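One structure, as structure tokens, below. Some questions next.
The values are calculated or read from the model by the stated rules, or taken from the named source; none is laboratory data. Treat the numbers as computed from the prediction; the structure is a model and nothing was measured. Don't worry about glycine lacking a Cβ; one is built from the backbone with ideal geometry, like all the others, and counts go over all protein chains shown. With ligands, DNA and RNA removed, areas are computed over all heavy atoms of the protein, side chains included. Shrake-Rupley method; radii C 1.70, N 1.55, O 1.52, S 1.80 Å.
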Amino acid sequence: MSGAAGSATGRAEHDDRAPASDATDRVELRHDGIVETPTWFGLDQRPLFGWFVYPEDQQVRGAVVLCQPLAEEGNMAYRTFRVLSQRLAQEGYLAFRFDYDGTGDSAGSFEDGDRAQSWLASVDHALAAVRACGVDRISVVGMRMGAAIAHTAIARSSADVEELVLWDPVMSGRSFLREWQMIHAAWIADVDRAPEGWVETPSYRFTPEAAADVRSFSIRPTDDPIARRMLVLSRSDRKRDGRLEQLIAGDGVEWAEVDDQAALLDVPTIDAAVPHDGVDKVVSALTAQAPQGTTGITVHPRQVARWVESGVEVEESPDFFGRERIVFGMRTTSPAADPRLPVVLYVNIAAERHVGEGRSWLTLARRTAASGFTSVRVDHSGAGDSGVHPGQRLDRVCDAFWLDDVPEVAHELAADPARDVVGVGLCSSGASVLEALYRGALREAVAINVPFMIRADSSTPREWTVFRRMSRSVTKLAIRHRRTAWSLWRASSALDPRRAALWVPKLAVKRGSEVTLVVGDDDLDGMRTGRLWNATWGRSLWRSPRFRVVRAKNADHSLRVSSGQDEAMEIVVGRLDAIAAERRGAPASVPDRV
């Protein structure tokens, strides 16, 4: 995908049937002969968020609605579904990928009631949004729980569907929850757990009601075919489920195997790879029976949404930022917006998108809107929904291109209107906001679990100044004697202060910036500095009121555990409340230091 730019944001709000706004007013990304356009859709009082992806000439052979997996599997498959939508657009289709109610950027919470009906209704709204573009020939693709949701939604609505592709479908929601509970068990062994009856999975927790809704999903037999053709893609490395074969047997049903699903789902989220064999099979199946003739479409993106969530009136609008207009972001504001307060910039984590772990960035943005904060949550270039620079590799964590992304966005936010910016990040994005702070682009950085110390052979570009690269001898020693190696390295920092983990925060604070580090127990060792360094080079840092280190005992490194997410979010809210109190002349509480 090239790094072609998107245009400026259109501010007019309209429903799906309204006349299209001028193309120059749209937020969109054009590249490789296709257009990616974000849109709100569905009910005004509870809008859903999605992306139209289509050929630039707006001539299509049909449309495809993409139903992504649920919870952490949705995070893992996000790049896959974006790649699939791009491939389909290049083949002459209008593709529509979207977030279910209470997930992704859509309104609502994952912990709201009536999840099953809300997710089924999300599919109905997605089909309606595509039909409103002028397409009658519609197919649907669903993966994992997305396959079960799609199958159930189409069966109950009798929607006219050309082809339904069930990609590695789950047999039931019950088995889906059981599998992810087992995976997550080790993560929650030593931390505060969710209340009794709740189900914890990586990054997401299900209320008892939501868990019951998920368990209610299963692919059931229907009296009549729910699509003209159906393709079931099963994993080649697992035995085919005979029960599923019996449930959806019949004329027009075909089965095929995909070879690389394990590379997507059987790995840590950060290592999830696009299963190109599966993508190829989906595209081939949909194009094989499609007519050669095309239909002209008119896409009506709705690029501003206003609604009330948890008692807070919020307004959200997507945009592209940066010199090349390829860095995607979602702006959140409210009628309570206070121009005295800084804009808060939440930066995506690793290769994941801008909503944060378990939607933590989104939750913070909407929650603090009530306190008067305007915020923007963004994806680094090459990640999430952003475009790529020429020569940039997709989803490369701590890419050298990232070093310009946050400063460019921050300068843009600070210029219109004239306001300062506070950056918030986790792990790699925590390092990113510290880099931007060091470059003078931010007022303050709130950085969670930053891995300051990296191995000598790390692939992280050396342009990154936040990371302290250990020597090869210390790196080798750390393989078996981690604490000893780090102790030796910390001791050496008394002679060379630049080796200390907190060297860049020290320089930023010395220049007048503010730094708040939020640290879980797993990350404490990586940011510790030696006693000699603390008493000499670091003495002014530890005494400065502009520097804070706050412990979050439940916060695992990536905030996969819900109690860690809650604790980290409360610390961020506390810091923002302190900033607001300072700007408004009210007394502020001071967070506890480590």
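Could we say that Asp416 is out of contact with any Leu (no Cβ under 8 Å at 6 or more places or on another chain), at pLDDT 95 or above and of a type in the set (D, E, K, R) here?
For Asp416, the condition - out of contact with any Leu (no Cβ under 8 Å at 6 or more places or on another chain), at pLDDT 95 or above and of a type in the set (D, E, K, R) - is not met.
Has region 153-169 got any residue that is under 24 Å from the mean Cα position of the chain (by Cα) and either surrounded by fewer than 21 Cβ atoms within 10 Å (Cβ to Cβ) or among the β-branched types (Val, Ile, Thr) (or both)?
Among the residues of region 153-169, not one is under 24 Å from the mean Cα position of the chain (by Cα) and either surrounded by fewer than 21 Cβ atoms within 10 Å (Cβ to Cβ) or among the β-branched types (Val, Ile, Thr) (or both), which makes the answer no.
Let me ask something additional. Just checking, how many residues over region 472-502 are in contact with a Phe, Trp or Tyr (Cβ under 8 Å, 6 or more places away or on another chain), under 20 Å from Ser458 (Cβ atoms) and open to solvent by 10 Å² or more (accessible area, probe 1.4 Å)?
4
Can you find a residue in region 373-382 that is open to solvent by less than 20 Å² (accessible area, probe 1.4 Å), within 25 Å of Val27 (Cα to Cα), in contact (Cβ under 8 Å) with a residue 60 or more places away in the chain and more than 20 Å from the chain's Cα centre (by Cα)?
For region 373-382, residues open to solvent by less than 20 Å² (accessible area, probe 1.4 Å), within 25 Å of Val27 (Cα to Cα), in contact (Cβ under 8 Å) with a residue 60 or more places away in the chain and more than 20 Å from the chain's Cα centre (by Cα): present.
Can you tell me which of Arg144, Arg174 is open to solvent by 10 Å² or more (accessible area, probe 1.4 Å) and at pLDDT 95 or above?
Among Arg144, Arg174, only Arg144 is open to solvent by 10 Å² or more (accessible area, probe 1.4 Å) and at pLDDT 95 or above.
Okay, next question. Using the structure shown, decide if Arg302 is touching a His at 6+ places or on another chain (Cβ under 7 Å) and touching a residue at least 40 places away in the same chain (Cβ under 8 Å).
So Arg302 fits the description; yes.
I'm told Ser310 meets every condition in (1) in contact (Cβ under 8 Å) with a residue 60 or more places away in the chain; (2) of a type in the set (S, T, N, Q); (3) open to solvent by less than 10 Å² (accessible area, probe 1.4 Å) except one. Can you identify the failing condition by its number?
Only one criterion is unmet by Ser310, namely (3).
What strands (runs of 3 or more DSSP E), lying completely within region 196-304, carry at least 1 residues that are at pLDDT 90 or above and open to solvent by 60 Å² or more (accessible area, probe 1.4 Å)?
Those strands (runs of 3 or more DSSP E) span 253-258.
Quick grid of which residues meet (1) over 17 Å from the mean Cα position of the chain (by Cα); (2) over 18 Å from Ala147 (Cβ atoms); (3) surrounded by fewer than 24 Cβ atoms within 10 Å (Cβ to Cβ):
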{"site": "Gln58", "(1), (2), (3)": "yes, yes, yes"}
{"site": "Arg61", "(1), (2), (3)": "yes, yes, yes"}
{"site": "Val64", "(1), (2), (3)": "yes, no, no"}
{"site": "Pro69", "(1), (2), (3)": "no, no, no"}
{"site": "Glu72", "(1), (2), (3)": "no, no, yes"}
{"site": "Ala89", "(1), (2), (3)": "yes, yes, yes"}
{"site": "Tyr93", "(1), (2), (3)": "yes, yes, no"}
{"site": "Phe96", "(1), (2), (3)": "yes, no, no"}
{"site": "Asp99", "(1), (2), (3)": "no, no, yes"}
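Continuing with this model, one more query. Kindly indicate whether Val515 is under 19 Å from Trp464 (Cβ atoms) and either open to solvent by less than 20 Å² (accessible area, probe 1.4 Å) or within 36 Å of the chain's Cα centre (by Cα) (or both).
yes
Select, from Arg546, Arg531, the only residue that is more than 24 Å from the chain's Cα centre (by Cα), surrounded by fewer than 22 Cβ atoms within 10 Å (Cβ to Cβ) and more than 26 Å from Ala365 (Cα to Cα).
Every option except Arg531 fails the conditions.
Filter region 383-395 for residues that are more than 13 Å from the chain's Cα centre (by Cα) and without any contact (Cβ under 8 Å) to a residue 40 or more places away in the chain and give the result.
Gly391, Arg393
Filter region 305-336 down to the residues that are outside any strand (DSSP E or B) and not charged (D, E, K, R) and list them by number.
Matches in region 305-336: Ser310, Gly311, Gly322, Ile326, Ser334, Pro335, Ala336.
Working only within region 410-461, note down all residues that are closer than 20 Å to Asp522 by Cβ and among the charged types (D, E, K, R).
Scanning region 410-461 gives a single hit, Arg455.
State whether one or more residues within region 113-126 are closer than 24 Å to Leu264 by Cβ, of a type in the set (Asp, Glu) and in contact with a helix residue (DSSP H, G or I) (Cβ under 9 Å, 6 or more places away or on another chain).
The answer is no; no qualifying residue exists.
Right, next: Considering each residue of region 402-412, count those that are among the hydrophobic types (A, V, I, L, M, F, W, C) and surrounded by fewer than 24 Cβ atoms within 10 Å (Cβ to Cβ), and give that number.
Selection size over region 402-412: 1.
Kindly list the number of the only condition in (1) within 24 Å of Val304 (Cβ to Cβ); (2) within 24 Å of the chain's Cα centre (by Cα); (3) surrounded by fewer than 20 Cβ atoms within 10 Å (Cβ to Cβ) that fails for Ala116.
Checking Ala116 against (1) within 24 Å of Val304 (Cβ to Cβ); (2) within 24 Å of the chain's Cα centre (by Cα); (3) surrounded by fewer than 20 Cβ atoms within 10 Å (Cβ to Cβ), the one that fails is (1).
Just give me the residues in region 396-413 being in contact (Cβ under 8 Å) with a residue 40 or more places away in the chain and either touching a helix residue (DSSP H, G or I) at 6+ places or on another chain (Cβ under 6 Å) or not in a loop (DSSP other than H, G, I, E, B) (or both), in sequence order.
Result: Val397, Cys398, Leu403, Asp404, Asp405, Val406, Glu408, Val409, Ala410, Glu412, Leu413.
Also, I was wondering about something else. For Val433, all conditions in the list (1) farther than 18 Å from Ile349 by Cα; (2) crowded, with 24+ Cβ neighbours inside 10 Å; (3) aliphatic (A, V, I, L, M) hold save one; what is the number of the exception?
Val433 satisfies all of (1) farther than 18 Å from Ile349 by Cα; (2) crowded, with 24+ Cβ neighbours inside 10 Å; (3) aliphatic (A, V, I, L, M) except (1).
When the residues of region 337-373 are filtered to those that are assigned to a loop (DSSP other than H, G, I, E, B) and touching a strand residue (DSSP E or B) at 6+ places or on another chain (Cβ under 8 Å), which remaining residue is farthest from Val304 (Cα to Cα)?
Ile349
Moving to a separate point now. Looking at region 208-231 only, could you name the residues that are of a type in the set (Val, Ile, Thr) and within 25 Å of the chain's Cα centre (by Cα)?
Val214
Just wondering, is there one or more residues in region 339-355 that are closer than 26 Å to Pro202 by Cβ, of a type outside the set (Asp, Glu) and open to solvent by 20 Å² or more (accessible area, probe 1.4 Å)?
yes
While we're here: May I ask you to verify whether Ser558 is touching a residue at least 60 places away in the same chain (Cβ under 8 Å), of a type in the set (Gly, Ala, Ser), open to solvent by 10 Å² or more (accessible area, probe 1.4 Å) and touching a helix residue (DSSP H, G or I) at 6+ places or on another chain (Cβ under 9 Å)?
The answer is yes for Ser558.
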